[in-house]
1. Could you list all residues from region 27-73 that are under 25 Å from residue 101 (Cβ atoms), in contact with a strand residue (DSSP E or B) (Cβ under 8 Å, 6 or more places away or on another chain) and part of a loop (DSSP other than H, G, I, E, B)?
2. Among the residues of region 1-12, how many are loosely packed, with under 14 Cβ neighbours inside 10 Å and either under 17 Å from residue 99 (Cα atoms) or modelled with pLDDT of 95 or more (or both)?
3. Given (1) surrounded by fewer than 10 Cβ atoms within 10 Å (Cβ to Cβ); (2) at pLDDT below 90, where does residue 65 come up short, assuming only one miss?
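The values are calculated or read from the model by the stated rules, or taken from the named source; none is laboratory data. Keep in mind that this is a model prediction, so the values were computed, not measured. Positions of Cβ are backbone-derived with ideal geometry, glycine not excepted, and every protein chain shown enters the neighbour counts.
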């Protein structure tokens, strides 16, 4: 997965706020054939506290097990209590594969 150093700044009028719509995409290769679970996990940087989990239940066909696939989740809104940096991890079967980040900032 290669989403390193991609940053989005989401402007809001004030916080707390609802941000969105948001689309998270992961490009992954060599997923195991058969049923599996992935997830996009949102948390604060340097924290173990999970702010949100967007699960993906998959059934990977034999022909796609060794190919690159794009996995996507779109959510209409996510509530945030404050501005700042947020990390997004893509995990498969509970193992983080890659991470990215975005920021929420008050306009002006």
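1. 29, 31, 44, 45, 49, 68, listed by residue number.
2. 7
3. Among (1) surrounded by fewer than 10 Cβ atoms within 10 Å (Cβ to Cβ); (2) at pLDDT below 90, residue 65 violates only (1).
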